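Q: Next up is a structure, given as structure tokens.
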Amino acid sequence: MRESVIPQLRRGVLEFCVLALLRDGERYSFQIVQALTEVEGLVTTEGTLYPLLSRLRRDGVVDTSWQESPSGPPRRYYRLTADGEAALAAFTAEWARFRASVDTLLETGAPR
Amino acid sequence: MTTQTLHPRAAEYLVQLRRAAKRLPRQRAAELQREIEAHLFEALPPEAGEADVLDVLARLGAPEQIVAAEWPTTTVPADPRGTREWAAIVLVLLGGFAVGIGWIVGLVFLWSSRAWKTWEKLLATLIVPGGLAGGLWLAFAFAAVGAQTCVGGTGIRTVCSSGPSPVVKALVIAGLVVLVLGPIATAIFLSRRGRTPAALR
């Protein structure tokens, strides 16, 4: 039971981490995957990020376009949509509150 | 344009992925294949050795694991096509036996659904009008035309024309097969091509 908490937490926040990566501009899929794997403990299998990117496209929080690559197949570039920006802003605010509450509880054993 | 080729280990991994992705809607399976292939091209320089390839593949995860990550979002477990879509498939195939009205109801379901593309709906409508009933009716009519005909009368010797040539016979048999098997093949085609509600989003 306790072992399944971290993967669940990871799954829950990962999509917002992708949106956060796109806040400052577009990136292509491999760049997104690379950036996420550099964050310790966030991604265990890189391949499973592609289904996540597909879901974000279907949910309309990201938009994509294809651009030629200097070598290899064309690259799919991702950028935030207005819905994506709104979802990211809402999560950022909620996450700060959530994290502070949990931190306090874990450190002091009592709610703020 | 891609000029470099993938390391044999990476190419083998893509074959395994294609096999694992058969459970996904066709369009999504092809897209996932392209994405992972592009990832491998990006991650592996042309001079990559066996150890580099194995490391990249290990970090990607097993093909089954990647496909499993699709499940919560791209499939609806029990009835991916929806009741209305299954009704369309059954009625387009067998509805013609209900005085033809069932087939028309099936067409209404078929054309009002977003699960199929226009050309797929057109194909299902034209092969064969009336579904299996229409196919059988046309098959009997076709066979009757190709059959031997006799002319005769009272006091006159009955004259029968010789049977159709082998070429005509072969054409008649082929026609019969198409008319009867066509609607069945179309029903199978519709059930396989129908997109899931999630994939329509």
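Q: Which length gain, in nm to one decimal place, applies between A:Ala110 and A:Thr37 when the Cα-Cα distance is subtracted from 0.36 nm times their residue separation?
A: Numbers: separation 73, 0.36 × 73 = 26.28 nm, distance 3.45 nm.
Extra length from A:Ala110 to A:Thr37 when fully extended: 22.8 nm.
Q: Additional query: Give me a single rounded figure for A:27-37: the average over its residues of other chain Cβ atoms within 10 Å of their Cβ.
A: Working: counts 0, 2, 4, 7, 1, 0, 6, 3, 0, 0, 1.
So the per-residue partner count for this stretch is 2.
Q: List B:Val178, B:Val99, A:Val33 from most exposed to least, where exposure is judged by having the fewest other Cβ atoms within 10 Å. Working shown, then result.
A: On the way: B:Val178 17, B:Val99 10, A:Val33 26.
With the sparsest Cβ surroundings first, the list reads B:Val99, B:Val178, A:Val33.
Q: Using Cα pairs closer than 8 Å and at least 6 residues apart in sequence, work out the relative contact order for chain A, in percent. Display every interim value, and only then the final one.
A: Working: 94 pairs, mean separation 28.2, N = 112.
Answer for chain A is 25 percent.
Q: Taking every residue in B:61-70, how many Cβ atoms of other protein chains lie within 10 Å of its Cβ, on average? Intermediate results must be reported in sequence, preceding the final value.
A: Values: counts 7, 2, 1, 0, 4, 7, 3, 2, 10, 6.
Rounded to a whole number, the mean comes out at 4.
Q: Computed FRET efficiency, Cβ-Cβ of B:Arg114 and A:Arg97, R0 41 Å: what is it to the nearest 0.05?
A: Numbers: r = 40 Å, r/R0 = 0.98.
Once the sixth-power term is evaluated, E becomes 0.55.
Q: Based on Cβ point charges of +1 for Lys and Arg and -1 for Asp and Glu, what charge dipole magnitude is obtained for chain A about its Cα centre, in debye rounded to the nearest 20? Numbers along the way, then the final one.
A: Details: 14 positive and 15 negative charges, 43 e Å.
In total the dipole reaches around 200 debye.
Q: Related question: Most mobile of A:Ala89, A:Ala100, A:Ala35 per a Gaussian network model of chain A (Cα springs, under 10 Å)?
A: A:Ala100
Q: Report the label-to-label distance for A:Arg58 and A:Ala90 in nanometres (one decimal), using points 7 Å from each Cα along the Cα→Cβ vector.
A: 1.9
Q: Hey, another quick one. Take B:Ala62 and B:Trp86, extend 7 Å from each Cα along the Cα→Cβ direction, and tell me the distance between the two endpoints in nm.
A: 3.1
Q: Kindly state, to the nearest 0.05, the FRET efficiency for B:Thr125 paired with B:Gln27, given R0 = 30 Å and r defined as their beta-carbon distance.
A: On the way: r = 22 Å, r/R0 = 0.75.
With a Förster radius of 30 Å, E is 0.85.
Readers should treat all values here as calculations from the given coordinates under stated rules, not as data from a laboratory. Predicted model only: the values in this text are computed from it and were never measured. A quick note on method: Cβ atoms are made from the backbone with ideal geometry, for glycine too, and the neighbour counts reach across all protein chains shown.
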